[in-house]
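The values are calculated or read from the model by the stated rules, or taken from the named source; none is laboratory data. Worth saying up front: this structure is predicted, and the values here are computed from it rather than measured. Reconstructed Cβ throughout: ideal geometry from the backbone, glycine too, with neighbour counts over all protein chains shown. Heavy atoms of the whole protein, side chains included, go into the accessibility calculation; ligands, DNA and RNA do not. Shrake-Rupley method; radii C 1.70, N 1.55, O 1.52, S 1.80 Å.
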Amino acid sequence: MIANLNERTHFQNRHNGPSENEIEQMLETVGADSLDQLIDQTVPANIRRKGKLNLPPALDEFSYFHAMKETASQNKVFKSFIGMGYYGTVTPAVIQRNILENPGWYTAYTPYQAEIAQGRLEALINFQTMISDLTGMEIANASLLDEGTAAAEAMTMLHSLRKKDKKNANKYFVDQHIFPQTLDVLQTRATPLGIELVIGDYKEVDLRDSDYYGIMVQYPNANGSVEDYKDLFQQAENNQVKIVAAADLLSLTLLTPPGEWGADVVVGTTQRFGVPMGFGGPHAGYFATREDFKRQLPGRIIGVSVDKHGKKAYRMALQTREQHIRREKATSNICTAQVLLGVMAGAYAVYHGPEGLTRIAKRIHGLAQLASNYIQKLGFKQNNQTFFDTLDFEIDPGLVEKIRVEAEAKKVNFNYFVENHIQIAFDETHTPSDMIEIIGVFQKYSESEINPEEIIKAADHVEIKFDSVFARHSDFMTHEVFHKHRSEHEMLRYLKHLENKDLSLAHSMISLGSCTMKLNATSEMVPITWPEFAMIHPFAPSFQTRGYMDIIDDLTKWLAEITDFHTVSLQPNSGAQGEYAGLLVIKAYQESIGQGHRDITIIPSSAHGTNPASAVMAGNKVIIVQCDEQGNIDVSDLKAKAEQHKENLSSLMITYPSTHGVFEESVMEICEIIHSNGGQVYMDGANMNAQVGLTSPGIIGADVCHLNLHKTFAIPHGGGGPGIGPIGVAEHLAPFLPGNPLVHMAEDEAIGAVSSAPWGSAGVLAISYAYIAMMGADGLENATKLAILNANYIKARLEKEFNILYSGKNGRCAHEMIVDCRSFKEAGIEVEDIAKRLMDYGFHAPTVSFPVAGTLMIEPTESESKEELDRFCDALLSIREEIREVENGTADKEDNVLKNAPHTADHSLSDEWNHSYSRSAAVYPIEYVRANKFWPSVGRVDNAYGDRNLYCSCIPTEAYELEEAEV
């Protein structure tokens, strides 16, 4: 018996699903002698990587944790009083453990299949209700990427809503005291759309100028002052100018909500509702507006509908607004939300209720109030007459640095961004002891002295009072969900009740094409909640963030190596943001060489819907190029259009492998056609999981590519967010990567920020860092090979019963395939029926009707074992037999297991069963389901009813009974 004492279990063997024995069996099924032969038959030889990726040796999980602890120790957790939209918060342990650290929540997908997503849909309804109530608005969406993005979406939405007499109005006024990071995002967004930003003092703007269509203010403003905007809002209303307010959500428990002054849109962040700062994100931005604007509201909206049996059910409402349908006519490229963080913020509100939130707000304001009083007694001038949590002190120039040194010696961070000012923002984590400590910092440079005992005594009884102009008098969060779950047992059971309604990767594979639902390993997830990562402010001094910068620097180098690009920007915090950023970088480069007139983007007809939407947002016109019968880009059509528009050609947007699941042989020729006609090639990285280690965007000839870290690099989808979409660029584009107004991180030629935080959603970068560090070069390459094997294995098992729509020249698919279901319409069976029937088998449907209507796009990923793949294939083959029974008349054309799917426990166990098939056929269609049954909590949801009767807030319990009686 021999033991190798140097060997530990390789992480790739945990991540990759198939065993060596299973790989051999699968290769036999697909008709390949070896895995390498299969890859040679699938990936064109002219784009293959010549050598191995140059990455550090793979770490095992134990060694990774040891190394990560060392890295974390390089971050210094100081008490943060920086503010500026990022605050310390207390994440209730019941929420951290049961949502943030729970794969039942974080491995779920966007709730397109509502019947198996009722839990998080309800959680998002809670979120929307919380937002609407606190802001005083009529409708809210299910979150946006961050506050800056939400502000930019408000600006562009109102621009698209201009009425006839304001159709040519192009000025948007922004008060000078909004957060600087938000202003930078606004400037980035406004420029390509031709919107003129006017920045100034709101007290001096003259809105009688007919060129104004909108204004934006911050409440409280960036300096912490709570301003009376009553006259401004009246002036805006008189001149048909729309109003946007960026509001601190917690402050609205005490302050008059903007909706009550007449705001048209209210935006902001829910970060301080239990979501750690995480060096900038991810956090759930919010967007609330008037009911009149519901069809222009960006992002996703959760609404109430009914199911087949008349039972209340939630769903994503108004989906015809989405980019897959509207494409270049979309007013936004937002195709995701921050669901996991929105769920956390909503749960925080459920846990605390309105009384608890108000109590927290009072504590924060009380600390600020006492600190203001005592520091002023020490001789320092505090500028804010009315404030919520932030104080603004004028400081003699020579004293600022001395106070900074003293504060940092006590591990305290103040805000020094305004010259000769020190700003101090209080939050939920601060205590009277912290207040005494910061008063002591100022006292060192004062001739006066304050007895700490006096402060302690004063802290016992602080009167919280705002002028009547500012004080909130209206009720909020009156729904019972915000009043029922005060004890931890009740909260725990409520969260578990919601979780049990949702199907996630904890239950079965989710084979969504173009979505890459791979393993999100526990070891990758663990560090993100360590305080050294979770409690770092994005604008903390650099000597406190060295651990983060080590991760960012390494991850940037590794992704550049994987893509064969010069460098990478990690700032874009979604795939669609990556698209947008990439196109802006191209535009900036072309302007720098005197070709700023180039404004044509060519996009294949098969492209993801965000591609044309992003191109329009970047100020470009869209030209569509057709695909041939094999699903490949029609090269002759591309060449003709590139030559036709060569004087103005800016870029081509291409996905590779294609959204049809094929490695196109002509891809290098396609890139050359674009380059020879003066354009740049943007590659959509949605399908990067089929490239890593085998080829790369750089080898193929792309100039820029966005990567989906939430797909290829193991960040979980979180039920619909967070996502991260960094962009890799060739050397000539590197100087133009996004910057930030508060942190030096880019060249002088950098475009403006596309996200609020310098490195976007930095708090979850450690997940992708861990994935690459533990997989290593061989592991990443093997993962790609197995993703391709798994897809071809499913193809081989299904193709005798289903038409597989596209394949490469050797009959192979890439990492995904399209199953054509259109022929079943003759028997009255729609692709939706198959999708819903899969739920009865315990599976989430593949991608439905994209990129081809009436089809299923299947992507199994490398993480699934042969056993799980076989279960999925057995389910689809069983469904094919059920379709055949309808085709041959054995099963009724209307009353069959497909048309009535999914079948709920409530319906299946009811006393009445009037169907022509058995209960067993309905709920146990195949033997393995009996041992591990997942029950959809509602029947098929009526989408049309939900859109006709749009309701996007929590509904009272009695409404369920009333509606059921009516239906």
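Overview of results
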read-out	value
Failed condition for Lys457, given (1) out of contact with any helix residue (DSSP H, G or I) (no Cβ under 6 Å at 6 or more places or on another chain); (2) modelled with pLDDT of 95 or more; (3) among the basic types (Lys, Arg)	(2)
Some residue of the stretch 705-728 being surrounded by fewer than 24 Cβ atoms within 10 Å (Cβ to Cβ), under 30 Å from the mean Cα position of the chain (by Cα) and more than 30 Å from Met344 (Cβ to Cβ)	no
Subset of the stretch 521-541 (residues that are in a helix (DSSP H, G or I) and not hydrophobic (A, V, I, L, M, F, W, C))	Thr522, Ser523, Glu524, Pro527, Thr529, Pro531, Glu532
Single residue of Lys866, Lys899 found to be of a type in the set (D, E, K, R), in contact with a helix residue (DSSP H, G or I) (Cβ under 8 Å, 6 or more places away or on another chain), over 29 Å from Leu786 (Cα atoms) and surrounded by 19 or more Cβ atoms within 10 Å (Cβ to Cβ)	Lys899
Neighbours by Cβ (under 6 Å, 6+ apart or cross-chain): first from the stretch 615-639, within 24 Å of His597 (Cβ to Cβ); second surrounded by fewer than 23 Cβ atoms within 10 Å (Cβ to Cβ) and of a type in the set (Lys, Arg)	Ile623/Lys641; Val625/Lys641
Residues satisfying the stated conditions in the stretch 646-675, i.e. without any contact (Cβ under 8 Å) to a residue 60 or more places away in the chain, of a type outside the set (Val, Ile, Thr) and in a helix (DSSP H, G or I)	Glu669, Cys671, Glu672, His675
Criterion violated by Ala114 - all others in (1) touching a Ser or Thr at 6+ places or on another chain (Cβ under 9 Å); (2) of a type in the set (A, V, I, L, M); (3) without any contact (Cβ under 8 Å) to a residue 40 or more places away in the chain satisfied	(3)
Which numbered condition Phe872 misses (of (1) aromatic (Phe, Trp, Tyr); (2) open to solvent by 10 Å² or more (accessible area, probe 1.4 Å); (3) in a helix (DSSP H, G or I))	(2)
Test: Gly693 is at pLDDT below 95 and either outside any helix (DSSP H, G or I) or surrounded by 24 or more Cβ atoms within 10 Å (Cβ to Cβ) (or both)	no
Index of the failed condition, Ala757 passing every other in (1) surrounded by fewer than 24 Cβ atoms within 10 Å (Cβ to Cβ); (2) out of contact with any Ser or Thr (no Cβ under 8 Å at 6 or more places or on another chain)	(1)
Complete set of residues in the stretch 841-860 that are touching a Gly at 6+ places or on another chain (Cβ under 8 Å) and either part of a loop (DSSP other than H, G, I, E, B) or on the phi > 0 side of the Ramachandran plot (or both)	Pro846, Phe850, Glu859
Extreme residue, surrounded by the fewest Cβ atoms within 10 Å (Cβ to Cβ), among residues of the stretch 139-168 that are among the acidic types (Asp, Glu) and not in a loop (DSSP other than H, G, I, E, B)	Asp165
Residue satisfying condition, being more than 19 Å from Gly83 (Cβ to Cβ), of a type outside the set (A, V, I, L, M) and either part of a strand (DSSP E or B) or open to solvent by 10 Å² or more (accessible area, probe 1.4 Å) (or both), within set Glu406, Glu419	Glu406
Filter result for the condition that a residue is out of contact with any Gly (no Cβ under 8 Å at 6 or more places or on another chain) and either touching a residue at least 40 places away in the same chain (Cβ under 8 Å) or not in a helix (DSSP H, G or I) (or both), over Val897, Val886	Val897
Unique residue being part of a loop (DSSP other than H, G, I, E, B), touching a residue at least 60 places away in the same chain (Cβ under 8 Å), closer than 21 Å to Leu584 by Cβ and open to solvent by 10 Å² or more (accessible area, probe 1.4 Å) when the list is Gly678, Gly698	Gly678
Count of residues meeting criterion [in a helix (DSSP H, G or I) and open to solvent by 80 Å² or more (accessible area, probe 1.4 Å)] in the stretch 437-455	2
Unmet criterion (only one of (1) open to solvent by 10 Å² or more (accessible area, probe 1.4 Å); (2) closer than 24 Å to Val764 by Cα; (3) of a type in the set (S, T, N, Q)) for Ser574	(1)
Criterion violated by Ser849 - all others in (1) open to solvent by 10 Å² or more (accessible area, probe 1.4 Å); (2) modelled with pLDDT of 95 or more; (3) within 29 Å of the chain's Cα centre (by Cα) satisfied	(2)
Matching residues in the stretch 173-200 - criterion: being in contact with a helix residue (DSSP H, G or I) (Cβ under 8 Å, 6 or more places away or on another chain), outside any helix (DSSP H, G or I) and either on the phi > 0 side of the Ramachandran plot or open to solvent by 30 Å² or more (accessible area, probe 1.4 Å) (or both)	Glu196, Leu197, Ile199
Candidate set: the stretch 87-118, residues that are in a helix (DSSP H, G or I) and charged (D, E, K, R); chosen: the one nearest to Gly720 (Cα to Cα)	Glu115
Condition broken by Leu193, with the remaining ones in (1) touching a residue at least 60 places away in the same chain (Cβ under 8 Å); (2) out of contact with any Gly (no Cβ under 7 Å at 6 or more places or on another chain) satisfied	(2)
Of all residues making up the stretch 337-369, the number that are open to solvent by 20 Å² or more (accessible area, probe 1.4 Å) and either over 30 Å from Leu121 (Cβ atoms) or in contact with a strand residue (DSSP E or B) (Cβ under 7 Å, 6 or more places away or on another chain) (or both)	3
Single match in Tyr86, Tyr64 (criterion: open to solvent by less than 60 Å² (accessible area, probe 1.4 Å) and in contact with a His (Cβ under 6 Å, 6 or more places away or on another chain))	Tyr86
Residue ID - farthest from the chain's Cα centre (by Cα), chosen from residues in the stretch 15-58 that are open to solvent by less than 70 Å² (accessible area, probe 1.4 Å) and of a type in the set (D, E, K, R)	Glu22
Residues that are at pLDDT below 95 and surrounded by fewer than 20 Cβ atoms within 10 Å (Cβ to Cβ), drawn from the stretch 577-605	Ser605
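Rundown of residues vs (1) open to solvent by 30 Å² or more (accessible area, probe 1.4 Å); (2) closer than 23 Å to Gly346 by Cβ; (3) of a type in the set (Val, Ile, Thr), yes/no style:
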site	(1), (2), (3)
His915	yes, no, no
Ser918	yes, no, no
Glu927	yes, no, no
Pro936	no, yes, no
Gly939	no, no, no
Asn943	yes, no, no
Cys952	no, yes, no
